[in-house]
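Undergrad: Quick one: this structure, given as structure tokens, is what I'll be asking you about.
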Amino acid sequence: QVQLVEYGGGLVQAGDSLRLSCVASGRAFRNYAMGWFRQAPGKERAFVAGIGSSTDYADSVKGRFTISRDNAKNTVYLQMDSLKPADTAVYYCAATRLLAPNLSNLHDYDYWGQGTQVTVSS
């Protein structure tokens, strides 16, 4: 079992930066591929970024967001730069035990955090 807790959400202005953190409990964090998803009001949960043997990003965040991990701290990060109002959403961290997951497929993930709100004002 893995428990995930997200930190770092908040209210920022367009153009600002924000870094989200997701801390995982349990063992063998390094064996999990990790992902960030987001859900805006009235919309489905959507892929943002993932990190396994490689990294992957949604087209809408490429060049602005960076996913990284620190296995010694059981933590995955999402650095968000040049934020836009369209980035406003609840951001969720997820983990998968799959060896070769489709990082952008939310159904490939086994564990989810509770989410953290990111609001970008214009």
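Undergrad: Using a 1.4 Å probe on the protein heavy atoms, what percent of the accessible area of segment 15-122 belongs to carbon and sulfur?
TA: Answer for segment 15-122: carbon and sulfur cover 46 percent of the accessible area.
Undergrad: Out of Pro85, Pro101, Ser122, whose Cα points farthest toward the positive end of the dipole of the chain (charges: +1 Lys, Arg; -1 Asp, Glu; placed on Cβ)?
TA: Farthest towards the positive pole: Pro101.
Undergrad: Under unit Cβ charges (Lys, Arg +1; Asp, Glu -1), what dipole magnitude, rounded to 20 debye, does segment 8-122 have relative to its Cα centre?
TA: Around 220 debye, computed over segment 8-122.
Undergrad: Report the charge-dipole magnitude of segment 10-66 in Debye, nearest 20, computed about the Cα centre from +1 at each Lys and Arg Cβ and -1 at each Asp and Glu Cβ. Numbers along the way, then the final one.
TA: On the way: 8 positive and 4 negative charges, 33 e Å.
I would put it at about 160 debye.
Undergrad: So what is the accessible area of segment 47-122 per residue, in Å², with the probe set to 1.4 Å?
TA: Ligands and nucleic acids excluded, the result is 48 Å² per residue.
Undergrad: Give me the extension gain from Ser25 to Asp59: residue separation times 0.36 nm, minus the current Cα-Cα distance, reported in nm with one decimal.
TA: 9.2 nm
The values are calculated or read from the model by the stated rules, or taken from the named source; none is laboratory data. Since the model is a prediction, treat every value here as computed from it, not as a measurement. No Cβ is skipped: glycine too gets one built from the backbone with ideal geometry, and neighbour counts run over all protein chains shown. To get the accessible areas, we keep the full protein, side chains included, count just its heavy atoms, and leave off ligands, DNA and RNA. Shrake-Rupley method; radii C 1.70, N 1.55, O 1.52, S 1.80 Å.
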